[in-house]
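For reference, the structure discussed in these notes is given below.
None of the figures in this text is laboratory data; all of them are computed from the coordinates on show. Small disclaimer: the values here were computed from a predicted structure and weren't measured. Every residue, glycine among them, receives a Cβ derived from its backbone with ideal geometry; neighbour counts consider all protein chains shown.
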Amino acid sequence: MRVLIAFDKFKDSLSAAQACDVAARSLRGRHRDWTLDLCPLADGGEGFAEILTTATGGTLHRLPVQGPRGGLVTAQLGLVPRATIPAAAQALLGFDAASASGTIAVIEMAQASGLALLPPGLRDPWETTSLGTGQLIRAAAELGATGVVLGVGGSATNDLGLGALAALGFEFRDDTGNKLRPPLPAQWPRLTRIDGEAFTALPPLRIACDVANPLLGPQGCAAIYGPQKGLRAEDRPRLEAESARLADLLCAHCGQPPALRDIPGAGAAGGIAFGLMVAARARLCPGADLVAAWLDLGRRLDAADLVLTGEGRFDASSLTGKGPGSLATRALGLGKTVHVFAGAVALDTLPAGLHTHAITPADTPLAQALRDAPALLAGAVQRAFD
């Protein structure tokens with residue numbers, strides 16, 4: 001029996017790699033003759049840089065950068081030899097001949113500008129910045145990367161990527177000429193001028209993104225993701241208005257059409273996708289497809305007799321999305337048996353071949369469920385395959 005074990009993270013509890021290890025230990029204790037293939041999953045947020053870098057034999061570098069509300073945080077940056085990246089992933093990235101050889105940097109926005117870096121009381125999109133993410137991009141260039149892949153899940157910001165652009169060479173000034181660094185949204189009413197451009201050594205940039213939100217409007221970044229970042233409902237119109245003004249100002253400075261703000265995905269991670277497209281010629285690429293190709297999931301699924309996957313919550317939307325749901329749908333299409341383990345499961349009907357396991361007992365307090373997740377997952381896997 002060959003088993004593909006491919007978990008995503010259990011948020012605030014288990015990393016993807018930890019979840020895979022827990023499940024593997026449980027299986028080895030009862031089925032020593034089974035062959036286990038461990039494949040941690042990432043969706044552009046937490047774990048993105050480490051998982052993709054490790055999977056292709058790259059090296060991880062730890063760098064001090066500015067956190068989402070100032071102060072220093074230590075963030076990982078991966079450097080991967082281009083030759084080790086599967087051809088299907090390279091095709092999705094579409095880097096030109098200049099980066100056909102050399103090293104690709106893998107950066108995870110959540111490491112530098114992530115929501116998980118802030119306790120709930122400090123989550124406020126008026127006061128958070130993507131500056132640290134820009135510092136990571138600049139560091140990648142200084143380390144010799146010929147291309148950059150940026151995963152933008154789990155951000156704490158809604159600054160249109162202006163903080164990142166400040167690290168890449170742009171200057172943001174008020175009407176007296178004073179520089180705003182970083183240009184926090186709280187300071188935007190004073191921001192009237194943009195100077196400078198991205199530094200000349202900036203390598204081609206790809207943003208791994210699966211959301212389709214435009215920058216503004218009822219489906220834009222502030223409306224959809226602002227509340228989880230601390231945005232109050234009564235403040236949204238003001239942030240929308242300032243975002244529209246700054247978007248127009250940035251487009252005018254860079255000679256780019258304002259219509260870029262309407263592109264599906266422009267609103268990813270508080271608009272950093274928009275800012276980097278306008279000012280750094282970044283391109284979006286499908287995150288889930290990129291991760292699947294990078295991890296060679298197609299070949300690994302073909303070789304598997306059984307698939308184990310899971311995450312913190314698994315519901316009907318999971319089967320039409322990314323990560324474990326996308327993997328499960330793909331595996332079922334190949335006729336594989338799939339077992340999904342999640343903290344909570346909410347599905348009215350199950351496709352043939354899909355088996356779900358809610359690992360958390362009913363009425364368990366959230367704090368206890370998070371603390372006990374390793375033991376709960378181990379027990380659920382053991383019971384499923386006794």
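Look at the Cα gyration tensor of the stretch 11-156: its axes a ≥ b ≥ c give a/c of at least 1.5 with a/b at or below b/c, and that counts as oblate.
Going highest first, how would you order 23-33, 220-230 by mean Cβ packing within 10 Å?
Values: 23-33: 14.9, 220-230: 20.4.
Per-residue mean Cβ counts within 10 Å order the peptides as 220-230, 23-33.
Centre-to-centre separation between the Cα atoms of the stretch 148-203 and those of the stretch 1-27: 38 Å.
Under the convention that each Lys and Arg Cβ holds +1 and each Asp and Glu Cβ holds -1, the size of the dipole of the chain around its Cα centre is about 400 debye.
How much of the DSSP bridge set in the stretch 106-233 is antiparallel, in percent, rounded to the nearest 5? Can you show the working numbers first?
Numbers: 7 of 14 bridges.
In the stretch 106-233, DSSP labels about 50 percent of beta bridges as antiparallel.
Entry note, the stretch 107-166: relative contact order of 55 percent, from Cα contacts under 8 Å with a spacing of 6+ residues. Annotation for the stretch 192-293: GluC sites (Glu not before Pro) lying in DSSP loop with at most 16 further Cβ atoms inside 10 Å of their Cβ are GLU197.
Projecting each Cα onto the charge dipole of the stretch 1-129 (Lys/Arg +1, Asp/Glu -1 at the beta carbon, about the Cα centre), which of GLY47, LEU63, PRO119 comes out farthest on the positive side? Most positive-ward Cα: GLY47. In summary, the helical segments of the chain meeting the span-like criteria, namely a full DSSP H run, a Cα extent along the axis of 20 angstrom or more and a mean Kyte-Doolittle hydropathy of at least -1.0, are 236-254, 366-384.
Computed over neighbours whose Cβ is under 11 Å from that of GLU46, the net charge equals -3, Lys and Arg +1, Asp and Glu -1. A simple spin-label model places pseudo-atoms 7 Å from Cα toward Cβ; at GLN219 and ASP248 they are separated by 2.3 nm. Its Cα centre serving as origin, the stretch 15-55 has a Cβ charge dipole (Lys and Arg +1, Asp and Glu -1) of approximately 320 debye. Calculated mean residue ellipticity, 222 nm, the chain: -10500 deg cm²/dmol, from DSSP H runs (n ≥ 4) at -39500 (n - 2.57) each, averaged per residue and rounded to 500.
Overall, the stretch 1-80 carries a charge dipole of about 220 debye about its Cα centre when +1 sits on the Cβ of Lys and Arg and -1 on the Cβ of Asp and Glu, all other atoms neutral. If both residues of a DSSP beta bridge must be in the chain, then about 35% of such bridges are antiparallel. Taking Cβ atoms as reference points and 11 Å as the exclusive limit, the residues near ALA198 contribute a net charge of +1, counting Lys and Arg as +1 and Asp and Glu as -1.
With the simple model of a label 7 Å out from the Cα in the direction of the Cβ, ARG313 to ARG193 spans 4.8 nm. For Rg and Dmax of the Cα atoms in Å, several values are listed as [x] 20.1, 60; [y] 37.6, 115; [z] 21.3, 72; flag the one computed from this structure. Computed from these coordinates, Rg and Dmax of the Cα atoms in Å corresponds to label [z].
Along the axis of the charge dipole computed for the chain (Cβ charges of +1 for Lys and Arg, -1 for Asp and Glu, origin at the Cα centre), the listed residues ALA167, GLY265, LEU143 are led at the positive end by LEU143. Peptides 188-194, 270-276, 343-349 ranked from most to least packed give 270-276, 188-194, 343-349, packing being the mean of other C-beta atoms within 10 angstrom over each peptide's residues. When each of the peptides 298-307, 356-365 is scored by how many other beta carbons lie within 10 Å of its residues on average, the order from highest to lowest is 298-307, 356-365.
Over the chain, what relative contact order in percent results from Cα pairs under 8 Å that are six or more residues apart? Write out the running numbers ahead of the final one.
Working: 878 pairs, mean separation 70.5, N = 386.
It rounds to 18 percent for the chain.
Spatially, the stretch 353-384 and the stretch 243-317 are offset by 31 Å when compared through their Cα centroids.
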